[in-house]
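Asker: Here it is, the structure in full.
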Amino acid sequence: MPYRLITLLLVCMLLRASNGTAAQAAMTTFECSLGGMITITDTVVTNGTLCQGTVTIPATVTAIGDYAFAGASALTAVSFDDRSQLTSIGDYAFSYASDLTAITIPAGVTSIGNSAFAYASSLTAITIPAGVTSIGANTFNGASSLTGITIPAAVTSIGDYAFNNAPSLATVTFAAGSQLTSIGIGAFYGATA
């Protein structure tokens, strides 16, 4: 019994000495142009679902987390600081962001998650950086306004249904020196290209 009490006291002292900071993450928020805000936890955008209008992602952000802007139906544009350190966009990150029209992904991005832009139905243009090596399943599924896409040379695979239900997709360009080795089931089903 005394050992339990001593252990409990030691744990309490350690927590008090650290002010609980070991468990706390750095969190900041940035406002969107027409209302709402994004939340950044450490260096990851974790929530922007209520963001309206436009938003600029700060240079210190390294990742757009899973579902970060999912369902942000009033989000129209996303831009990135010129010194962006972004390396990844998570699964469903911009899915159902139905008013998002265009996005230029920073050059440092190497990973774009599954369904990242699924049903972003107003998306007409997107630039995929040269360092991306795969386009995941359903990444642009339902991006019905997307008119053209250039697949970077480093991409080795395009996932199942990646561009499914993209009837406006009329041009697909494969960069010179393409390393593409696999295209998933239904990857371009419903596209006019």
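Asker: Counting just the residues of segment 109-158 that are of a type in the set (Gly, Ala, Ser) and on the phi > 0 side of the Ramachandran plot, which one comes out nearest to the chain's Cα centre (by Cα)?
Answerer: Initial filter on segment 109-158 (of a type in the set (Gly, Ala, Ser)): 111, 113, 115-116, 118, 120-122, 125, 130-131, 134, 136-137, 142-145, 148, 153-154, 157.
Narrowing further to those that are on the phi > 0 side of the Ramachandran plot: 115, 142.
Working: SER115: 9, GLY142: 16 Å.
Ranking the qualifying residues of segment 109-158, first place goes to SER115.
Asker: Name the strands (runs of 3 or more DSSP E) wholly inside segment 59-152 in which the number of residues that are open to solvent by 30 Å² or more (accessible area, probe 1.4 Å) and either of a type in the set (A, V, I, L, M, F, W, C) or over 17 Å from PHE163 (Cβ atoms) (or both) is 1 or more. So that I can check it myself, show each step before the final result.
Answerer: Working: elements: 75-80, 102-104, 125-127, 148-151.
Here the list reads 75-80, 102-104, 125-127.
Asker: If I filter segment 36-56 for residues that are over 21 Å from THR104 (Cβ atoms), surrounded by fewer than 21 Cβ atoms within 10 Å (Cβ to Cβ) and small (Gly, Ala, Ser), do I get at least one hit?
Answerer: Looking through segment 36-56, at least one residue is over 21 Å from THR104 (Cβ atoms), surrounded by fewer than 21 Cβ atoms within 10 Å (Cβ to Cβ) and small (Gly, Ala, Ser).
Asker: Here's something else I'd like to know. Do you know which residues across segment 178-193 are surrounded by fewer than 17 Cβ atoms within 10 Å (Cβ to Cβ) and of a type in the set (A, V, I, L, M)?
Answerer: ILE183, ILE185, ALA193
Asker: May I pose another question? Condition first: without any contact (Cβ under 8 Å) to a residue 24 or more places away in the chain and in contact with a Gly (Cβ under 6 Å, 6 or more places away or on another chain). Now tell me which residues in segment 120-169 satisfy that.
Answerer: The answer is none; no residue qualifies.
The values are calculated or read from the model by the stated rules, or taken from the named source; none is laboratory data. Note that the structure is predicted; figures quoted are calculated from it, not measured. Neighbour counts run over all protein chains shown; Cβ positions are idealised from the backbone, glycine included. For accessibility, only protein heavy atoms count, side chains too; no ligands or nucleic acids. Shrake-Rupley method; radii C 1.70, N 1.55, O 1.52, S 1.80 Å.
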